[in-house]
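K.L.:
Starting off with a structure, shown below.
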Amino acid sequence: MLLSLEEATVRLGGRPVLDTVDLGVAEHEVVCVLGPSGSGKSTLLRSVAGLQPLDGGRVLLDGRDQAGVPAHRRGVGLMFQDHQLFPQRDVGGNVAFGLRMHGMPKGERELQVRELLELVGLPGAARRAVAGLSGGEQQRVALARALAPRPRLLMLDEPLGQLDRSLRERLVVELRELFSRLGTTVLAVTHDQGEAFALADRVVVMRDGRIAQSGTPLEVWRRPADAFVARFLGFENVVPASVTGVAADTPWGKLPVPEGSPQGAVELLVRPAGVRLVAAGEGLACRVTARTFKGTHVALRLQPRDGGPHLEAACPLREAPETGDATGVEFDAAETVVLG
Ligand code: ADP
Ligand code: MG
């Protein structure tokens, strides 16, 4: 592992902000830590960078304990959440900042800056003023600045956080492509699931300073570890249930669950795709209380007639009922996950 955290613990204001975190990042791997605001993501990056001392545990880079190693000797790059550029320097001056700190001669520096700006899609921008750049351009300059000293580990704190949605979606694809081309090892943190899933080889979900789940984007998406992770990923159909064999007793009645599911008192997730609309009078009687056009499908909110929490369903445009319509609902075991 290029980076290992072993039971890393940080206390701030009398409580653990990082709580015995074990985490490894292999060379060339892109790991994204995903968690709500306040879950300890920035603190995690700051302790790896050497900007936040640990109260317990260890940070190892290439197997070497970093206790006592100052930030500038760790060989890691950190792009901060607010990625403040130096407003009085031009684009080139910003990108060259770390290179100057490392004492690189001017000619070599200028060559590198030119290459880096091409790399991040801003060719020839070296003499431009920072103030005249768009949000997306500033983000690219911040990225070039972080990449310039060729850190063995690049850390990004909410790299696309302040950009609008369409720009974010485009940049995240570019970043992924860039990292795979350069073979960069990356530890990024974000509160945005879409960003994490698009960027990462592996996603680590954090809650209150602890790791709630770690896995490939597909693994985490398919099998959230618990109700917290499921809800954080945006799934709403999460209810307490009692499982016996391949059936679950739930507030929505008896539902089928996959073979081999955990038994007994559990929490149960039904993905929207597993909520199948059938004729009114069949299955669970519901009424459509909201209907949102999503481009490729319609998201429905359904209220069961006889009580129980509302249901979130996804349905093709052509078949979508109107708000106020009565409908029946059946459940697909294949889209149902019994949470651990
Ligand atoms: P995230 O980046 O996931 O939003 P942070 O790592 O910034 O989370 O913060 C985690 C928690 O630590 C938050 O609840 C925050 O209020 C608290 N915290 C951060 N810095 C300090 C500090 N200097 N003193 C006390 N609490 C702090
Ligand atoms: Mg943060």
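The values are calculated or read from the model by the stated rules, or taken from the named source; none is laboratory data. Being a predicted model, the structure only gives us computed values, none of them experimental. Please note: Cβ atoms are built from the backbone with ideal geometry, for glycine as well, and neighbour counts cover all protein chains shown.
K.L.:
Looking at the structure I just gave you, is Gly98 touching a Pro at 6+ places or on another chain (Cβ under 7 Å) and modelled with pLDDT under 90?
P.N.:
The answer is yes for Gly98.
K.L.:
Taking the stretch 193-205 as the search range and keeping residues that are charged (D, E, K, R) and buried (at least 18 other Cβ atoms within 10 Å of the Cβ), which one is modelled with the highest pLDDT?
P.N.:
Once the filter is applied, the top-ranked residue is Arg202.
K.L.:
Another question, then. Restricting the stretch 138-192 to residues that are modelled with pLDDT under 90 and part of a loop (DSSP other than H, G, I, E, B), which is farthest from ligand 2 (Cβ to nearest atom)?
P.N.:
Selected residue: Arg150.
K.L.:
Take the residues in the stretch 63-75 that are not in a loop (DSSP other than H, G, I, E, B) and not small (Gly, Ala, Ser); name whichever of them is nearest to ligand 2 (Cβ to nearest atom).
P.N.:
His72
K.L.:
Any idea how many residues of the stretch 273-291 are farther than 11 Å from Thr327 by Cβ, at pLDDT 95 or above and not in a strand (DSSP E or B)?
P.N.:
Adding up the residues that qualify gives 1.
K.L.:
Output the qualifying pairs, or none if there are none: Cβ atoms under 7 angstrom, residues six or more apart or on different chains, first residue in the stretch 75-87 and modelled with pLDDT under 90, second residue assigned to a strand (DSSP E or B).
P.N.:
Correct list of pairs: Phe80/Asp157; Gln81/Asp157.
K.L.:
Which of the following residues is more than 23 Å from Thr43 (Cβ to Cβ) and assigned by TED's automatic domain parsing to the domain that holds Val31: Gly132, Gly161?
P.N.:
Answer to the selection: Gly132.
K.L.:
Here is a list: Leu300, Leu317. Which entry is loosely packed, with under 15 Cβ neighbours inside 10 Å, out of contact with any helix residue (DSSP H, G or I) (no Cβ under 8 Å at 6 or more places or on another chain) and under 27 Å from Trp221 (Cα atoms)?
P.N.:
Every option except Leu317 fails the conditions.
K.L.:
Continuing with this model, one more query. Restricting the first residue to the stretch 240-254 and requiring it to be more than 12 Å from Leu339 (Cα to Cα), which pairs with a second residue that is polar (S, T, N, Q) and outside any loop (DSSP other than H, G, I, E, B) meet a Cβ separation below 6 Å and a spacing of at least six or different chains?
P.N.:
Going by the 6 Å Cβ cut-off, the qualifying pairs are Asp249/Ser242.
K.L.:
For the stretch 198-226, which positions are under 19 Å from Val266 (Cβ atoms), assigned to a helix (DSSP H, G or I) and either within 13 Å of the chain's Cα centre (by Cα) or not assigned by TED's automatic domain parsing to the domain that holds Phe179 (or both)?
P.N.:
Val220
K.L.:
Please work out which one of (1) more than 27 Å from His191 (Cα to Cα); (2) in a loop (DSSP other than H, G, I, E, B) is the condition Val113 fails and give its number.
P.N.:
For Val113, the failing item is (2).
K.L.:
If I filter the stretch 320-334 down to residues being outside any strand (DSSP E or B) and at negative phi, which single residue comes out as surrounded by the fewest Cβ atoms within 10 Å (Cβ to Cβ)?
P.N.:
The selected residue is Glu322.
K.L.:
Exactly one of (1) more than 10 Å from ligand 1 (Cβ to nearest atom); (2) crowded, with 18+ Cβ neighbours inside 10 Å; (3) charged (D, E, K, R) is unmet by Asp22. Its number?
P.N.:
Status for Asp22: all satisfied but (2).
K.L.:
I want to confirm something. Restricting to the stretch 201-257 and keeping residues that are small (Gly, Ala, Ser) and touching a helix residue (DSSP H, G or I) at 6+ places or on another chain (Cβ under 7 Å), which single residue is farthest from Arg301 (Cα to Cα)?
P.N.:
Ala212
K.L.:
Looking at Leu54, Leu78, Leu60, Leu45, which one is in a strand (DSSP E or B), closer than 27 Å to Ala200 by Cβ and within 16 Å of ligand 1 (Cβ to nearest atom)?
P.N.:
When all the criteria are applied, what remains is Leu78.
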